[in-house]
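Worksheet: the structure to be examined is printed underneath.
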Amino acid sequence: MRALQSERHKPLPSLAITPTLKKMRPQLLFVFIHFTILTTSSILATSQSPSLAEKPLKRVDNETIYKVSKQLCWGCLGESLQFLYAHNLVRAAKWELPLMWDFQLEKYASWWAGIRKADCKLQHSFPEYDFKLGENIYWGSGSTWTPTDAVSVWAGEEKYYDYAQNTCQEGQMCGHYTQIVWKTTRRIGCARVVCDDGDVFMTCNYDPPGNYVGERPY
């Protein structure tokens, strides 16, 4: 086993909570309470009714998470909502607060995706050991890869993460997954671009960042 390949991050001062986000705090709290009540009610109903199949419960949960994500992604285009919904599905499995979409982070992610459009190189926007935001990147051969595909690959690293030891399996990566479920991360912004060679590059940025050395994600 090895330690998480992560560095301590320092949030960008310019990405502190803006007046707009301050106004949205009550709505965020309401949405999370609504999400918690609906999900908890579904679980209680299932535990009290053995005849209720697991499949309907999963369908209800996903629908609830989608509705919550949509409310936390006001004015988003289709791909943005796909990114957010996929992230919140993963976080819900660990009972973490849902992320909300941040247009400043989206702008930053779009800038970096635009830079990578020419070569589709799987490269971070920050120098190594100098990350200012959490960042996950993805490359896929061909032009059909979706936001859901990228998040699924990142989330798939869960099997390589040992919570008890807080380490990744030897020779494997798990930092993308731990960033997705990081307990103090609240905002996300992502971008997808079809590169000049026809492949796909995707990037997501997270604030506050996660993957602090010595700390567990949840």
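Each value in this text was obtained by applying a stated rule to the coordinates, not by laboratory testing. Here the structure is a predicted model, which is why all the values come from computation and not from measurement. Here the Cβ is made from the backbone with ideal geometry for all residues, glycine too, and neighbour counts use every protein chain on show.
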| task | Calculate the spin-label point distance for Tyr163 paired with Lys117, positioning each point 7 Å from the Cα along the beta-carbon direction, and give it in nanometres. | result | 4.2
| remark: Counting sequence-distant residues (5 or more places) and residues on other chains, those with an amide H built under 5 Å from that of Arg187 are Met100, Asp207
| request: Please quote Rg/Rh for region 101-207 to two decimal places, taking the Kirkwood radius as Rh and restricting both calculations to Cα atoms. | output: 0.97
| note | Of all GluC sites (Glu not before Pro) in region 61-145, the ones in DSSP coil with at most 16 other Cβ atoms within 10 Å are Glu128
| query | Listing Leu72, Leu97, Leu122 from the residue with the fewest other Cβ atoms within 10 Å to the one with the most, what is the order? | reply | Leu122, Leu97, Leu72
| remark: Along the dipole axis of region 123-204 (charges at Cβ: +1 for Lys and Arg, -1 for Asp and Glu; origin at the Cα centre), the most positive-end residue among Tyr138, Thr184, Ala164 is Thr184
